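Taken together, the values in this text are just the output of simple stated rules run on the coordinates, not laboratory data. Given the structure is predicted, the values throughout are model-derived calculations rather than measurements. Note: ideal-geometry Cβ built from the backbone for every residue, glycine included; neighbour counts use all protein chains shown.
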Amino acid sequence: MANYHVSKSKESGKWNIQKEGGEKSSSSANTQKEAEKIAKGYAANSGGGEVRIHGLDGKIRDSDTVAPGNDPSSSKDTKH
């Protein structure tokens, strides 16, 4: 199980996908939507986890649980 973060690189202008605790990006994408999809694939392949999407200000603006991860919220995700 692994968690991933999606954030925009100020240097390259691309959206980076980084495993939580990792020092380097796992990969990057041209759009946030594409990066989120890649991150969810990585999380699913590692047995589930959280994908945290950061806004341009660097703060987490959304978080999605990828099965079979444990969703800390009892409410349903209405955005996806």
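Laid out as a table, the results:
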read-out	value
The chain - mean residue ellipticity at 222 nm from DSSP helices (-39,500 (n - 2.57) per run, n ≥ 4, rounded to 500)	-5500 deg cm²/dmol
Selection of trypsin sites (Lys or Arg not before Pro), the range 34-63, meeting DSSP coil and at most 14 other Cβ within 10 Å	Lys59
Extension gain (nm, one decimal) between Ser27 and Lys59, 0.36 nm per residue minus Cα-Cα	9.5 nm
Difference of contour (0.36 nm per residue) and Cα-Cα distance, Ser9 to Glu34	7.5 nm
Separation of the Ala67 and Met1 label points, Cα + 7 Å toward Cβ, nm	1.6
